[in-house]
Structure formats: C-alpha cells, structure tokens
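Structure first, commentary second.
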Amino acid sequence: MKLKGAQILMKMLQAEGVDTIFGYPGGAVLDIYDALMDTDFRHILVRHEQGAVHAADGYARASGKVGVCLVTSGPGATNTVTGIASAYLDSIPVVIFTGQVPTHLIGNDAFQEVDIVGITRPCTKHNYLVKDVRNLAKTIKEAFHLARSGRPGPVLIDLPKDVVNATATFKAPGEVRMRTYNPTYKPNIRQLQKTIDLIGKAKKPVIFSGGGIVLSKAHEELTRFARKAQIPVTSSLMGLGGFPGTDDLWLGMLGMHGTFRANMAVTECDLLIGIGVRFDDRVTGKTDEFAPNAKVVQIDIDPTSIQKNVPVSVPVVGDCRTSLSMLNDLLEKIDQEGTDEKREPWLKQIHEWKSTTPLAYKQTDTIKPQYVIEMLYEITGGEAIITTEVGQNQMWAAQYYHFTEPGHFITSGGLGVMGFGLPAAIGAQVGAPGKIVVDVAGDGSIQMNIQELATAVQYGLPVKVAILNNGFLGMVRQWQELFYQRRYSSTRFEHAPDFVKLAEAYGATGLRATKPEEVKKVLKKGLETKGPVIMDFVVAQEESVYPMVPAGAPIKKMLLV
Amino acid sequence: MEEQRHLLSILVDNEPGVLSRITGLFSGRGYNIDSLSVAETVEPNVSRVTMVTHGSPGIIEQIKKQLNKLINVIKVTDLTGMHYVLREMALIKVNAKSEHRAEILRITDIFRGQIVDVGIEHFTVKVTGEPEKIGAVLNLLKPMGIREIARTGCVALPRENGTSNKNA
Ligand SMILES: Cc1ncc(C[n+]2csc(CCOP(=O)(O)OP(=O)(O)O)c2C)c(N)n1
C-alpha cells in the first residue's frame, strides 16, 4: 500500500493506540493536519505549544498512556522545550512531533527553521530527524517504545515537510528490536535476598518511595511490602500517591518541606530502602548528614540513578513493581512472627514525633492557604486529581491533600515549571473524563498559561482552578523573608487581573472567597458548577510553608511554624 | 576523592548526531574529555569512540552509566586495568636551522619517528606511541622551537588473552 508520509503517521498513531493529540498547526505541518481530517483522533487545539506538552504530560499521568503532541517548525518547536524538559525530569512518556523545513533547506537558516533535535538532545530520552519517508513508520514505532519502556520519558520526532509529503509503501513494522536499548526489569535475586537480610537485622527501617512507584504502578506491591514488614514509608514529591497517605505507616513527604517525622525518621533510621527515587537535592539536603546511620538499598530501573547522590550498600537495578513483588515473595517465605513487637519502639518513636510536631498552621481571620487545601481534601473525599502550579501552592497541596493512588497528584517536580498546572489539568481531564480535576494554583503561576482556559472552555473540559491568591510570588518571597532580611525584590504584584472577571471573559465561571467562612461554600459551588471554574481564594499574603529545611542544610535542621 | 584517568572504548551507531550526544553529555554534566578519537569499525554502521577522561571514582561510574544510557551507544568498555594496546600519533612542525637538523633527525630516529615534510627552515616529524612517548619527543624538540602540533588522540584495543605483556 502506497501512502503519503502524513498518512503513515496517522496509521502508526492508530497502531500505537493513540486517541488524543494535543497540538497547534503551522506551515510545516499543514499536510499532517490535512491528513488528520480523515481520522478519528481527538485533536485538542491548545493556545500555546508549551500548553500542548504539559497537557500531554497530564494526560499521560492520568491515563497511563503515552501523551502525544503535534506542533509546527521553528517557534512551534521552541515553544515546546519547557514542556519537554519538565516531562524529561519527571520521566513522563510523551511523544512530540515537530514540523521541519524541507530537507533541502535544512541548514540554510530557512524561514522557521530551528535545529530542534539539537536543542532537545539533552532534555529528551531520545530524538529523531526523519530524512527518508521509508524510515518513518519504524521510527515512530521505536519512539513510542522508548517513551513508555524502561525509565519513561519524552521522545521527539522532527518531520521535514517533504518527508511527510513523499509517498512510500506502508508495511506495519514488526516488534522493536534495538541492540543498544534493553532495560532491565527483573532484578538480581541475590540483591533482593541481601535486602531481606538487612530488613531482618534492622531496628529502625524506613522505605523512601518515589516517582518510580507511581510510574510502574507498584502501589499495591509497595503497600503489601510495607505492611508485611512493618516499615514506615515516606516519599518524594513525585512519589505521592504511591502509598496511601491515610495509612498508619505513612510518614508524609520527605525533604525541604517534608514532615518533621519523615525527616527525623530518615535521619535516625538504620536502613533506608529507596525505591524509584533519585535522591534529589530537595530531598537529601546536606548529603553527608542524610541518613547518616543507615545502610541504603536503592532500587531503580535506571542504573544512572543509583549511587548518583548518596552511597548505596545494596544497588538493585530493576523495575519497581517487579522488584517489590519479588521482595514480597521472599518475605512470604519468612516467618514474620515477632515483627510487630520488634518494630514497636521505632513506630512508637515515630508516632511521638507526629503528635509533638505535626504539620500545622495558625488560623486567623484571613483565609489560610493550608485551610483551603484541607477543605478541598475534605470535600472531594481525597478522590480528585490534583495538578499544581509551582511554589507554595504546590507544597501546600503536597502537604495537606492526602493521596491514596498513583496518577492523582500531577506536578512538575523536577523542573518546577510555573504554568504547568492548568494545561496539565486539561490533559488529565481528557485522560480521566469522569474525575474531578483541580489545579491548585498561585496567582503568579496561573498567569503563565492562563490562555489554556480558552482550550478548557472550547472542549467542555470541566477543570477547576483554585488560586491561592497571596499577591506575591509567594515561594520566592518566603526565601527573601527568611534569608534576605525581608527585602522583597520584585516579588510583589503591584497589579493583578480580576480573576473572576478573567474567568468570565473566557466563558468560564469565576468565584471568589475573601473570608475563611466562605471557603467551603466557594469550593462546593465551584466543584458543582458545570464547565471550567476559577476559584479565587484571597489568602494571607505572607504565609510561609513549614517545615522548611534551608537549602544545603541537613534535613533534621527544620524551621518550624 | 582521588581523580583517576580512564580509557574508554565506546561502540556506537554510526549515525549523524551521535558524537554530539556524547560530547553534549560531557559538557552538560561537567565531565572531562582529555582526548577523543572516532572512526568507523569493520561494521560500517558501527563506530568506535576512544576516549580518555578523568574524575573521581563516583564520576567515572556515572560517566560509564550515562554513556550506556544513550540510546545510540552499543557498548562501553573501560580498558583501564585491562591489557590493551594504546597508540597516539603526533605531527610536529619544528624549526630546523642547519645547526639543529642533525639533532632533530637523531631524536626522530631514537623514537622511531619519521620526517614527513622538509623545508629550508623546518621539519615535520611524525611520531606514534603512547602519549608519554609523544610527550618525551615534544620535550626534546622544544628547544629548537615547535611551530605547530597536531595529535590524533588515543586509540586503543584490548589485547587477546595471553599475548604479550601489559599495555606495551
Ligand atoms: C517558569 C518559572 N519561572 C520562575 C520560577 C521561580 N519561582 C519558583 S516559585 C515562584 C513563585 C510562584 O508564585 P505563585 O505562582 O504566585 O505561587 P505561590 O508561591 O505564591 O504559591 C517563582 C517565581 C519558576 N519556578 N518557574
């Protein structure tokens, strides 16, 4: 069968099970958009290409499928870079198709030509420039395979205009076989046995779980493992939802804005089992004093993550879910009698930390942002998908909303992109149509991709935005307050839009709360309202996120409320 | 921790952009490249990159893992500590006034080099060997005045089992 490149692309997307494409057209992709007219794909026309990638990211996390973007050459392509870098640092499977000038013009500084493959080389898992239509099908197949297997990540395919216009005989490519790429899913059993032996000897073990648990959907295996061995669990920001936030063994998040008990437990533990985590600096603080008394086990599918930041006694290369289910099998074989008594002093200590120094804030007659999240949690019963912007809003969402399942907390963890939350919420809503999706936002971040509200309205995607409006770039202000003698350099907004009117201008609903007693009412009304809603919560201006570990300090040195 | 020199032999897909992925990895992550040489192998779609790098043991471990993680990298072999043959070639353009010409020829001879270009006032000397040997020649030629040098960077292959002594 002879097909045009653009049609081959459509065939391959169908074969990969794609149902939705987030994109934005332009000259270099006219042929692809034309071919799209003859297919059943749902194309979501975003309002900015950055939004397309964040939406595909949110879609991927909510649905567990690969997110797909399609943009034009030049500025269309460069606009995707922030989104790609974010997906890369969070290991999210996204495939990005960029248009490119015709091959004979490549290298000529042609109109709307950029070397997007060169630009995105360090922030994609892999990328391709397709120069011959005969390689197109195979390249697409490989790209999807790379995006979703091993440690997932974004893969970009650059498509010159003449390549999508050329015809070739289409034959569905067979299984992907790459001699250079073969991720290890099944871990070495001896390393697992060593882990089990260490657990047997440990008096104060802690599990530290991360995004790898969420990505491999290892939550059930993790929960079984932790309960069976009676080991308390903390997690990175990316790991939230990988272990029930309501469980007795749950310590809360670890690190810079981690809970007192999590940071203390890791500081005092004698065994730390890291699963699907990269021991990022926001978690470890000063690495020399991170878990100083512990033997460290680290399980990860990406060997480069292991021992990158902290010394590891037992490295385990493997998929989180496979590894945990094998660990569970090994645990089954051991008599667990006496485990409860053995753990009792440790769990008692943790409980004490929790009761003496819980997460806390002071209620006043202005709305406290933490209270908004607490109420959001209560009203949604912990069932909503929460996306976040970046800054204090993100940390409060992480602290006060308790996640019980993967795919429910969607945040730009590694890159920390302001403007992520709204397009990610749109993508998540497409990927999980029945769910309540709420973007917890700051008044700064929301203005970075507010244009996507038009997308939500156009496609009837009922995302809700809860702005914690403090009139500041709050997180930066907090650092200035604590470490720069309250010299608020360029963090105060001296002018802000009226978010209620702005919502209305976009054809969405706008609501506002200015007093604590209005919070519940506005949340309830906002969540019940059909279609997209912006809820503007006018909150205390100079509230800070606590606990806080100053950058580079040991994690036990926390500033508390 | 103490810095170590390592000699890596890296088999990669022979495709456009692959070298840039490797050098980009090094510059982006702040790793060092002391020397680098690349050429096709017997399999035309595979190239061999020979690289000398240095760093703490932790960094060297990361370098090898990160290289392996690149999709176009087929195999990374750390030759350090193995039995291997290592060679580099240098072309050295040196001032050759009449009073120095005999001395330069003698030095070239001792190191089994060759004069590959001759002028009224210069010689171009070619030497092949391990980097230390090339360093020695350069030292000896320095007093005459070296005009230009071009070095290939190291190439290396592991020895087959049981042949000859270590690293000669
Ligand atoms: C694109 C981008 N630019 C700058 C920053 C640096 N930054 C981190 S948090 C923050 C303040 C965010 O303010 P806001 O969205 O109002 O949220 P708040 O912290 O007040 O909740 C800034 C500027 C960033 N993370 N991303």
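The values are calculated or read from the model by the stated rules, or taken from the named source; none is laboratory data. The structure presented is a predicted model; accordingly, all values stated were derived computationally and were not measured. FYI the Cβ positions are ideal-geometry reconstructions off the backbone, even for glycines, and counts take in every protein chain you see. The area values use the complete protein model at the heavy-atom level, side chains included, leaving out ligands, DNA and RNA. Shrake-Rupley method; radii C 1.70, N 1.55, O 1.52, S 1.80 Å.
Here are some notes:
- Hey, B:Leu67 within 26 Å of B:Leu19 (Cβ to Cβ), outside the structural domain of B:Arg21 (by TED's automatic domain parsing) and out of contact with any Pro (no Cβ under 9 Å at 6 or more places or on another chain) or not: no
- Residue selected from the range A:107-159 under the condition part of a loop (DSSP other than H, G, I, E, B) and within 11 Å of chain B (Cβ to nearest Cβ), by the criterion nearest to A:Gly276 (Cα to Cα): A:Arg151
- Listed by position, the helices (runs of 4 or more DSSP H) enclosed by the range A:301-392 that each have at least 1 residues that are within 30 Å of A:Ser445 (Cα to Cα) and in contact with an Asp or Glu (Cβ under 9 Å, 6 or more places away or on another chain) are A:369-380.
- Residue within the range A:270-285 that is under 29 Å from A:Gln478 (Cα atoms), more than 14 Å from chain B (Cβ to nearest Cβ) and assigned to a loop (DSSP other than H, G, I, E, B) present: yes
- Evaluation of A:Ala384 against (1) in contact with a helix residue (DSSP H, G or I) (Cβ under 7 Å, 6 or more places away or on another chain); (2) open to solvent by less than 30 Å² (accessible area, probe 1.4 Å); (3) of a type in the set (Gly, Ala, Ser) (one fails), failing number: (1)
- The listed residues are B:Gly30, B:Gly55, B:Gly81, and the only one of them that is open to solvent by 40 Å² or more (accessible area, probe 1.4 Å), more than 10 Å from chain A (Cβ to nearest Cβ) and closer than 23 Å to A:Asp302 by Cβ turns out to be B:Gly30.
Residue-wise test of (1) away from every other protein chain (no Cβ under 14 Å); (2) modelled with pLDDT under 95; (3) more than 10 Å from the ligand (Cβ to nearest atom); (4) touching a helix residue (DSSP H, G or I) at 6+ places or on another chain (Cβ under 7 Å).
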| site | (1), (2), (3), (4) |
| --- | --- |
| A:Tyr400 | yes, no, yes, yes |
| A:Phe403 | yes, no, yes, no |
| A:Ala425 | yes, no, yes, yes |
| A:Ala428 | yes, no, yes, yes |
| A:Glu452 | yes, no, yes, yes |
| A:Ala456 | yes, no, yes, yes |
| A:Gly471 | yes, no, no, no |
| A:Arg477 | yes, no, no, no |
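- Hey, A:Met418 in a helix (DSSP H, G or I), near the ligand (Cβ under 9 Å from one of its atoms) and of a type outside the set (Lys, Arg) or not: no
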